Amino acid sequence: MLEIKNLHAEVEGNKILRGIDLTVKPGEIHAIMGPNGSGKSTLSYILAGKEDYEITEGSITYNGEDMLELGADERAAAGMFLAFQYPIEIPGVATMTFLKTALNAQRAARGEEELSTPDFMKLVREKAADLKVTPEMLRRPLNVGFSGGEKKRAEILQMALLEPTLCILDETDSGLDIDALRIVSEGVNKLRSPERGMIVITHYQRLLDHIVPDVVHVLSKGKIVKTGGKELALELEANGYADYVGEEA
Amino acid sequence: MTAQNQRVLSAAETGFEEAFAATHGKQSDGLGEARRAAMARFEATGLPHRRIEEYHYTDLKAKLRSAFALSAKAEIVAPGAVGEVETQGRLVFVNGRFDAALSNVEALAGKISVSAWAEEMGAEKAEVQAHGAAAFPRADALVDLNTAFVQGGATITVAGGEKLEKALEIVHVAKGEGASFSRIDLVVEAGADVLVLESYQGDSGAYLRNTLTTLEVGDNAKLTWVKLQEEAESATHLASATANLGKGAELSQFLLDAGSGLSRSQFAVAFNGEGSNAALRGVSLLKGDSHADITLSVDHKVPECNSREYFKAIVDDKARSVFQGQILVKPDAQKTDGQMMVQSLLLSESAEVNVKPELEIFADDVQCAHGSTTGEIDEDLLFYLRARGIPEKEARKILILAFLGEVIDELDDERVGPLLTSRISNWLHV
C-alpha cells in the first residue's frame, strides 16, 4: 500500500533523508527506530505532507497514488494519519467542533455523506471512553491545557475517529507514564486490522512490548541501515545504536 | 516666506467651504452661529494631515481627493437587516436625517425618551449643537465639520434605574453619493442598563459619512455599545465619539470595523467618577486597499477606575490597519488599572499595520500595560488542521475565527456574540 523509493529530502541545504526505501503492506506494523537526529520525525512529517522540506529525489506512492503531488489534507483524505509527537494547542477551536469538521471534511473529500450531529456525538463518546478522554477534555479548546498524556490520548482518539488506512505514530510513547502508555497502546492495538498499515516511530523498545511490530528498521543519518524482525528492537535496547551510527561516518 | 499663508486648499477642503457658503453660511439663528464658528475653525486648520500627530498614519488631506456635495434627503423602503438580536425600539437615519416612518420609538415610552431632529431644526437646538462641539476633548477637524454641517440626530435618554434586556437599535443608511453628517447624544441615567446596537450601512456609492456620538453613562449605570461599521466598500466613514462615565459606571463597547475603503473611528473616554470600568474592544476586517484607523484616548481623571482596550485586526491584500491608543492617568487617579492589547494577523505581504500605544502616567500607584503583536497565520497550526483532512482554505478560516473569537468571548454578551461571530464568518467566506 505504501511505497517509498530512494527518498531524499533536505531543508535549507541540509540533507536529512539520504535515500529511504520502505514498503508497508496492509496489516503490517513497521517500527522505525534510531538515534536523535537520524531523520525519523522528518520522515513522518514528509509522509504527512509538511511543506518545509525539499524532496530532491525519490517517490512516495500510496495505493498507487503519487503522494508528493498531494497536499496534507488530500493525503489525510487518502487515508494517511500522523499522530504528532508534539500535538499542537489551538486556542479558540473547540475540540468537538474540530473533530466534527475534520471527520466531515474527509468524508466530503471521499464523496461520503456528512455525519449528523447526534451520530457524531455518539461515535465520539464511544471512542473517547475507550481512551479515557473525558467529556470535559472534549469541551476545551483543542489540546489547550492538556497534559502530555492527555494530548497523546487525544491524538489516538482522532485516529480512532478518522479510521485511517495508514497510521504513522511519531514517538507516541514520549512523555507517557506506564498507565498512559498502556491506554494509548490498547487504543492503537484496537485499530490493528488486516487492511490497516502502521509505522511506529520510537526511540525505545518499551513501546514495542505493547505494540508488537512485524518489521523493525534502524534509521541512521537519513538511511535505513538495518531491517529485521521484532527481535532487532531487543538487540538495540541491549547494545544501543552505536553499531549503526558508526557505519555511515 | 510665510508658510502659513501658503496653505493650498485641497479639492475636498474647497468643496466643504463652498458647500457651507451655499447652505448654512447665511443663517442668522443661534444654530447658524454654532455652525459658522465650527466652519471658521475648519477653515483655519483644513483637513488633518500627517504632520498633525493624531493623524500621522491617516492623512485625510491626501486621502480625501475630491469634493463631496452634501447628501440629499432620501427615502428608502427599509434598511438592511441588522441581525438576529432581540430589539425593543429602532431609530433609522437616512443620509444623516432621522426617518420617523421607518423608526419605532413608541414602544420605548417611559423607559427611553427620544428627541430626534432633522436639519430644518430651529434655534432651540443651538444648545444641543454647542454641546456636541464642546464634548470632544481636543480640537478636531472632523468634529468641526460635523458641527458645521450636521443634518440630523437624536438625543436619547434612558431613564434612571431602567434595566433593558433587549437592544435599542440605531440604523444609519446612506443612499447615493454625497456627505452625510449626523449626531447621536445618548444619556444613560443613574442605575440604568442598556444595550445599543448601531449599524452603518449603505449602497455602493462613494459617499462620505461623518458622525459624532456623545455618551453619558451615569452613576452605577451600564452601557453596552455595539457598533457594526459595514459601510459600502467605496465609502468613507469618519466617526468621532466621546464617553463620560460617572461613579461606578460601566461602559462595554465593541466595534466591528468591516466596511468602507477609508475609515477613522476616534473615541475619547473620560472617567469622572470613581470605581468605573470601560472596556473598548473591536475587530477590524480589512482587504483590498482599505485603510482603517482606530484612535482611542482614555482619560483617567479620578481614582480606582479600570480601562481595557482589546482590538484585533485581519489585514489582507494591500489594506492598512492603524491603531492608536492613549491612556492618560492624571495625578489624582491612583489605583488605576489600564490595559491595552492589539493583535493583528497579516494575510498578505503587502498588508500593513501601524500600532501606536501611548501611556502618560502622572500617578504613582497604578497598573498600566500595553502589548501588541503582528504576525501571520501559524504554519504549524495550519499543518495540524490540514493533516486531519481539513482543506487549507477552511483551515485558514478556522484559525482566523479562533483568533478573532477571543475578543467576542471577552465581550461575553450572549445577546450579540452569535451575531458578531456570524458577521465575521460571513466576511471570511466571501
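The values are calculated or read from the model by the stated rules, or taken from the named source; none is laboratory data. What you are looking at is a predicted structure, and each value in this text was computed from that prediction instead of being measured. All Cβ positions, glycine included, derive from the backbone under ideal geometry; neighbour counts span all protein chains shown.
Here are the numbers for this structure:
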{"quantity": "Subset of the stretch B:352-392 that is under 30 Å from residue A:162 (Cα atoms) and not in a helix (DSSP H, G or I) - its residue that is farthest from the other protein chains (Cβ to nearest Cβ)", "calculated": "B:376"}
{"quantity": "Enumeration of residues in the stretch A:137-171 that are out of contact with any Pro (no Cβ under 6 Å at 6 or more places or on another chain) and acidic (Asp, Glu)", "calculated": "A:150, A:163, A:170, A:171"}
{"quantity": "Residue match in the stretch B:49-67 (condition: among the small types (Gly, Ala, Ser), assigned by TED's automatic domain parsing to the domain that holds residue B:261, modelled with pLDDT under 90 and not in a strand (DSSP E or B))", "calculated": "yes"}
{"quantity": "Subset of the stretch B:242-275 [part of a strand (DSSP E or B) and either in contact with a Pro (Cβ under 7 Å, 6 or more places away or on another chain) or under 15 Å from residue B:326 (Cα atoms) (or both)]", "calculated": "B:242, B:243, B:265, B:266, B:267, B:268, B:269, B:270, B:271"}
{"quantity": "Any hit, the stretch A:125-138, residues being surrounded by 15 or more Cβ atoms within 10 Å (Cβ to Cβ) and within 14 Å of chain B (Cβ to nearest Cβ)", "calculated": "no"}
{"quantity": "Filter result for residue A:59 (away from every other protein chain (no Cβ under 13 Å), touching a residue at least 40 places away in the same chain (Cβ under 8 Å) and at negative phi)", "calculated": "yes"}
{"quantity": "Some residue of the stretch B:64-76 being out of contact with any helix residue (DSSP H, G or I) (no Cβ under 8 Å at 6 or more places or on another chain) and crowded, with 19+ Cβ neighbours inside 10 Å", "calculated": "yes"}
{"quantity": "Selection from the stretch B:211-239 of residues that are within 22 Å of residue B:145 (Cα to Cα), polar (S, T, N, Q) and touching a strand residue (DSSP E or B) at 6+ places or on another chain (Cβ under 6 Å)", "calculated": "B:211, B:213, B:214, B:229, B:236"}
{"quantity": "Residue within the stretch A:58-77 that is farther than 30 Å from residue A:235 by Cβ, assigned to a loop (DSSP other than H, G, I, E, B) and among the charged types (D, E, K, R) present", "calculated": "no"}
{"quantity": "Residue that is buried (at least 18 other Cβ atoms within 10 Å of the Cβ), out of contact with any Cys (no Cβ under 6 Å at 6 or more places or on another chain) and of a type in the set (A, V, I, L, M), where the choices are A:212, A:245, A:218", "calculated": "A:218"}
{"quantity": "Which listed residue is within 15 Å of residue A:223 (Cα to Cα) and modelled with pLDDT of 95 or more, from A:29, A:55", "calculated": "A:55"}
{"quantity": "Residue in the stretch A:109-131 that is small (Gly, Ala, Ser) and within 22 Å of residue A:42 (Cβ to Cβ) present", "calculated": "no"}
{"quantity": "Scan of the stretch A:82-97 for residues that are of a type outside the set (A, V, I, L, M) and either closer than 13 Å to residue A:144 by Cα or more than 8 Å from chain B (Cβ to nearest Cβ) (or both), ordered by number", "calculated": "A:85, A:86, A:87, A:89, A:91, A:92, A:95, A:97"}
{"quantity": "Residue pairs meeting the criteria (Cβ under 6 Å; at least 6 apart or on separate chains; first in contact (Cβ under 8 Å) with a residue 60 or more places away in the chain and farther than 26 Å from residue A:164 by Cα, in the stretch A:5-26; second among the aliphatic types (A, V, I, L, M) and surrounded by 14 or more Cβ atoms within 10 Å (Cβ to Cβ))", "calculated": "A:16/A:9"}
{"quantity": "Qualifying positions in the stretch A:11-34 - surrounded by fewer than 17 Cβ atoms within 10 Å (Cβ to Cβ) and farther than 14 Å from residue A:198 by Cβ", "calculated": "A:11, A:12, A:13, A:14, A:15, A:19, A:21"}
